Structure formats: structure tokens, C-alpha cells
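Here's the structure, in C-alpha cells; my notes come after.
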Amino acid sequence: MIMVKRNKREIGSRYEEIAAAYFLARNYQILKRNFYTLEGEVDIIARDKEFLVFIEVRYRINTRYGHPLESISLRKKQRLVSAAKIYLRQEGLSLDIPCRFDVLGILGSQDQRSWISQNQQVSLEERDVKPLIEHIENAWQLDEV
């Protein structure tokens, strides 16, 4: 069981790397990655122009159990909002600053997952095999959940 958990974490880390590269290529400034609280974790915290953006990264090998973007429950959203509020307080920021929650869904195949594990240092542009990436900007607001 410990081995499976570590592998899931390693896989998650690899896909968060893809997500970070995706956002950097779109001129987001990455402020923090894997912000952990007792309430939950925010995968990426970034700045996009005037917005502070809390980003959830979801990955699935295929759609057998649904699309990655469909996998965010109300409880998960609530935990993300709680973690975001903790981040704002820790940084001395007002809850009224412009912020939003984005979701990045990454859908890939087993071959793609194997490819990424073998080629961690290769940029997205240099690879032939690319996962399908879907970005929902402003999926919800701080006060909507």
C-alpha cells in the first residue's frame, strides 16, 4: 500500500510539472506549489495579471471513470477554498483581493504516462507524445462554495 501511495504521488508530481509548464508558457507567475494545510492542499498558486489564482490539477489516464475535470467534488472545492483563505491570511492579504480558482485537467494514455516517467527533463515542445490538457479559468470564486 505504501508503494502505491508513493507512486501516485510521483505521478501527481509529474503532472503538476506539466501544469506548471503550461501556466508559465501563458505568462502566469508561479508563487507556490503544493501549499499544504490541515484543510487541504492547493497544487499551484500563481499570479495572472491582477488575479491571484489557486489551481487544482487533475489527471486521468483515460475517461473510463470520467473526465479529470468531472472529478472535483463539492467537498474538494470547499477544502480548496479553505486552504486558499489560509494562504491569504498567512501572506497578510485581504479576502477581497481579486482571486479565482482554475482547474487544469490532463488526460493521457498509459504510453504517455510511461513516456513522461522516462523523459522528465524534456519540455512540452520537444516531445512527440502530448497529453490532452483542458484549462477552466475561473471555475469558481472564493465566495461561491
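Every number here is computed from the coordinates shown, using simple stated rules; none is lab data. The structure displayed is predicted, hence computed values, not measured ones. We place every Cβ from the backbone using ideal geometry, glycine too, and count neighbours over all the protein chains shown.
Do any chymotrypsin sites (Phe, Trp or Tyr not before Pro) in the range 1-100 lie in a DSSP loop with no more than 10 other beta carbon atoms within 10 Å, and if so, which? All intermediate terms of the calculation are to be shown ahead of the outcome.
Values: sites: 15, 22, 23, 28, 35, 36, 51, 54, 59, 65, 87; in loops: 28, 65.
Here the sparse-neighbourhood loop sites are 65.
Name the long-range amide H neighbours of residue 40: under 5 Å, sequence gap of 5 or more, or other chain; modelled H, no Pro or chain starts.
Those qualifying (amide H under 5 Å, at least 5 residues apart or on another chain) number zero.
In the range 1-109, what trypsin sites (Lys or Arg not before Pro) fall in a loop by DSSP, with at most 15 other Cβ atoms inside 10 Å? Walk me through the intermediate numbers first.
Working: sites: 5, 6, 8, 9, 14, 26, 32, 33, 47, 49, 58, 60, 64, 75, 76, 77, 79, 85, 89, 100; in loops: 26, 49, 64.
Here the sparse-neighbourhood loop sites are 26, 49, 64.
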